[in-house]
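The values are calculated or read from the model by the stated rules, or taken from the named source; none is laboratory data. Not measured: the values here are computed from a predicted model. So basically every Cβ, Gly included, is an ideal-geometry build from the backbone, and we count neighbours across all protein chains shown. Ligands, DNA and RNA are excluded from the accessible area calculation, which covers all protein heavy atoms including side chains. Shrake-Rupley method; radii C 1.70, N 1.55, O 1.52, S 1.80 Å.
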Amino acid sequence: MAKLLISTCLLLQLISSYSLASNVNNLNVQNYGAKPDGMTDSSGPFLQAWGKACSSSKPVTINVPAGNFLITGITFSGPCKNTDIKFLIDGTIVAPSTYANLPKPNQWITFDSVEGVSINGGTFKGRGEALWNCKAVKHHHCPDGAPTVMFTNSKNIAINSITSINSKLFHIVILGCDGVTLQDVNIIAPESSPNTDGIHVESSTGVTIFRANIKTGDDCISIGPGTSHLWIEGVNCGPGHGISIGSLGKKGQGLDVDGVQNVTVKTTVFAGAKNGFRIKTWGTKSRGYVKGVAFINAIMKNVENPIIIDQHYCPDDNGCPSKGSSSGIKISDVKYVGIHSTSASQVAVNLDCSSSNPCSQIGMRDVKLTYTNGQSQAYCMNAHGISLGLMVPPSCL
């Protein structure tokens, strides 16, 4: 009988220990005071859960249950002891509707100097409408706004099956990171929403974007300086401004601009987008390069500029370099393969390169882009390369 009682006590202790360990490894933000009412700021409770997870020596899942959780601004900071932290989001993260007097006006949800963090599921509502209206009326007298989700100086990151709606600025930013995977991401904002790039990658390496549906008011994917070994596959873009490398060489980036190299984009669909594949640089003396780029297998449905290199980029004619200046950015080894369907403008291929640094090793194969109202055309300026196979419009290389 005594042995039975001792065994029972030991069993209860083991169950209790397992239960405690389980609670440590699974953290519910509501247990820290988060309110799913969409009105109570839950930034503090989210940070408390993060602190517990960050200091743990074991993998931790932070659960965000169903409901609307208001976050006014938060930075999940590392480095952490833990390199396996998973956010499992069933609910919706909601931004303040205002853009004024926020604790961090240029940041909303930021992860800095973390490793092994994943975000799984959930909806992020940026509520950018008020800021967009300000920009439409007051132009440059409004704040820039904040990206929805931003990772900086981090590695081994995964973003899976999230939906981002109406961001104030860019939806997702990957800056100074190594080893990032984005998969099954949905991004939604009106075509008129300003500066709402879907995914922005800069100063990062080893980034993979796989299966994304992006409808927004700016670039579906923008690729900034210092980006290398970027793989993009299975993206649907439109409305939006396409998949863009740059802009590079803008005033403020310095005389020496970090280059972009080893970028592959394949199996994409553009529908009603302003651009398809675009490389854009300012006509300044800033030195840099774009090289080792492949655009493979794309469908363009009524796209205004299906293929464009613009080395005289200056949107809205604001702050443009002096007339006659040429870009110091060297573009080379760029391939376009299997690009089909329709152009909304007669010039379906526009390669407007720098006079001082002509584009070189441009390759085109199996490009068929028709124009409804006549023969589509190709335009080349200071562009050199080779074309093979079917070419509509006829190649200008």
Residue pairs qualifying under the 6 Å Cβ cut-off, at least six apart or on distinct chains, with the first in the stretch 320-336 being assigned to a strand (DSSP E or B) and the second being surrounded by fewer than 18 Cβ atoms within 10 Å (Cβ to Cβ) and modelled with pLDDT of 85 or more, are 332/291; 332/360; 332/361; 333/291; 333/361; 335/294; 335/363
Residue count, the stretch 199-219 (criterion: within 22 Å of residue 253 (Cβ to Cβ) and outside any strand (DSSP E or B)) | 4
Are any of the residues in the stretch 101-112 surrounded by 18 or more Cβ atoms within 10 Å (Cβ to Cβ), in contact (Cβ under 8 Å) with a residue 24 or more places away in the chain, in contact with a Lys or Arg (Cβ under 9 Å, 6 or more places away or on another chain) and on the phi > 0 side of the Ramachandran plot?
-> no
Residue satisfying condition, being within 20 Å of residue 256 (Cα to Cα) and open to solvent by less than 60 Å² (accessible area, probe 1.4 Å), within set 279, 339, 309, 296 = 279
Please verify whether the stretch 268-287 includes one or more residues that are in a strand (DSSP E or B), touching a Gly at 6+ places or on another chain (Cβ under 9 Å) and at positive phi.
-> no
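Being touching a Lys or Arg at 6+ places or on another chain (Cβ under 8 Å), closer than 25 Å to residue 66 by Cα and either open to solvent by 10 Å² or more (accessible area, probe 1.4 Å) or of a type outside the set (S, T, N, Q) (or both) is the requirement here; does residue 232 meet it?
Working: touching a Lys or Arg at 6+ places or on another chain (Cβ under 8 Å): yes; closer than 25 Å to residue 66 by Cα: no; either open to solvent by 10 Å² or more (accessible area, probe 1.4 Å) or of a type outside the set (S, T, N, Q) (or both): yes.
When the stated conditions are applied, residue 232 does not pass them.
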For the stretch 215-228, does any single residue satisfy the condition of being under 23 Å from residue 184 (Cβ atoms), open to solvent by 20 Å² or more (accessible area, probe 1.4 Å) and modelled with pLDDT of 95 or more?
-> yes
Filter the stretch 144-165 down to the residues that are in a loop (DSSP other than H, G, I, E, B) and out of contact with any Cys (no Cβ under 8 Å at 6 or more places or on another chain), then identify the one that is most open to solvent (accessible area, probe 1.4 Å).
-> 144
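When the stretch 66-95 is examined, which residues are found to be under 13 Å from residue 38 (Cα atoms) and either outside any loop (DSSP other than H, G, I, E, B) or open to solvent by 20 Å² or more (accessible area, probe 1.4 Å) (or both)? Give the derivation first.
Here is the first cut: in the stretch 66-95, the residues under 13 Å from residue 38 (Cα atoms) are 66-72, 91-95.
Hits for the stretch 66-95 are 66, 67, 68, 69, 70, 72, 92, 93, 94.
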Select from the stretch 242-264 the residues that are part of a loop (DSSP other than H, G, I, E, B) and not aliphatic (A, V, I, L, M) and list them in ascending order.
-> 242, 249, 250, 251, 252, 253, 254, 258, 259
Restricting to the stretch 166-184, what's the tally of residues that are β-branched (Val, Ile, Thr) and surrounded by fewer than 19 Cβ atoms within 10 Å (Cβ to Cβ)?
-> 1
Please name all residue pairs, on different chains or six or more residues apart, with Cβ atoms under 6 Å, provided the first residue is in the stretch 355-366 and is touching a residue at least 12 places away in the same chain (Cβ under 8 Å) and under 11 Å from residue 383 (Cα atoms) and the second residue is assigned to a strand (DSSP E or B) and among the acidic types (Asp, Glu).
-> 361/333
